Amino acid sequence: MRARKGRETSLLAPKTTRNRATLAYEEIARLIEQKKLAGGEVLVEQSLAAYLGISRTPVRQALQRLEIEGQLVKANTKSFVVRKVDLKEYLQSLKAREIIESEACAMCAGHAAADRLAVAKSMTAALKGDQAYNPEQHWAADKVVHDLVTDFCGNQVVAGIIRSLRVTTKLFEVDRLAERLEPDIRQHEAILDRIEKGDGEGAKQAMAAHLRSLVQFAVDRIT
């Protein structure tokens, strides 16, 4: 990770510490999501500050936020480590999600805001076609679908548990993610269709099928 020299090359234009802390958080989270910062990698506050072209204070705030979310673990007073999730923890977390998120999906059915539902459907549909695979677009569409469930399930405790579990499953380093694109599109469309129609049981079953599919995909890659 190379340092960016000079203020004019800073990634983070806003001048307030709060804004820079937020943008530092988003940039580091993006690097983790894209596996440019892999599980087990050490993040040093000073090096990240140099890379982002900002002071250490907003970087420290961003790292602390990522630690609270479970994406990082503290190594020492000045460094963190990207949390590494092994296959066992990944599969156990998916099983927990199947139980909890499927119920949340049933609770969400018929209650999701129409504009949010339309965005989720549009972003999912945009993944279709012959364009080159874009992992950022894939992750973004995945996020809006699952955020729809947590945001409109009507139970903030359940939503918080699901968000925590999603952090864990997202940290697992899945090989050949592009192969998940077609099944994800199909399964997400089924989930959104059931939610839109207010079919709680159908939404529950669609989400459960999606999460079981993720389990099978991971198992198939190691056997």
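Tabulated results
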{"read-out": "Length gained when the stretch Asp193-Arg30 is fully extended (0.36 nm per residue, less Cα-Cα span)", "value": "55.8 nm"}
{"read-out": "With eigenvalues of the C-alpha gyration tensor scaled by 5 and rooted, the chain, Å", "value": "33, 19, 18"}
{"read-out": "Size-normalised alpha-carbon gyration radius of segment 119-223, reference 2.2 N^0.38 Å", "value": "1.07"}
{"read-out": "Compactness of segment 33-151 - radius of gyration and Dmax, Cα, Å", "value": "18.0, 48"}
{"read-out": "Relative contact order of segment 84-188, defined on C-alpha pairs under 8 angstrom at six or more residues apart (%)", "value": "46"}
{"read-out": "Sorted by Cβ density within 10 Å, fewest first, the residues Val44, Val149", "value": "Val44, Val149"}
{"read-out": "FRET efficiency estimate (nearest 0.05) - Cβ-Cβ, Glu182 to Asn19, R0 30 angstrom", "value": "0.20"}
{"read-out": "HN-Hα J in Hz across segment 88-102 - Karplus 6.51, -1.76, 1.60, θ = phi - 60°, x for Gly and Pro", "value": "4, 5, 4, 5, 5, 5, 5, 5, 5, 5, 4, 5, 8, 6, 5"}
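Where a number appears in this text, it was derived from the coordinates with a stated rule and is not lab data. Because the structure is predicted, anything quoted here is derived from the model rather than measured. Cβ atoms come from the backbone with ideal geometry, glycine included; neighbour counts cover every protein chain shown.
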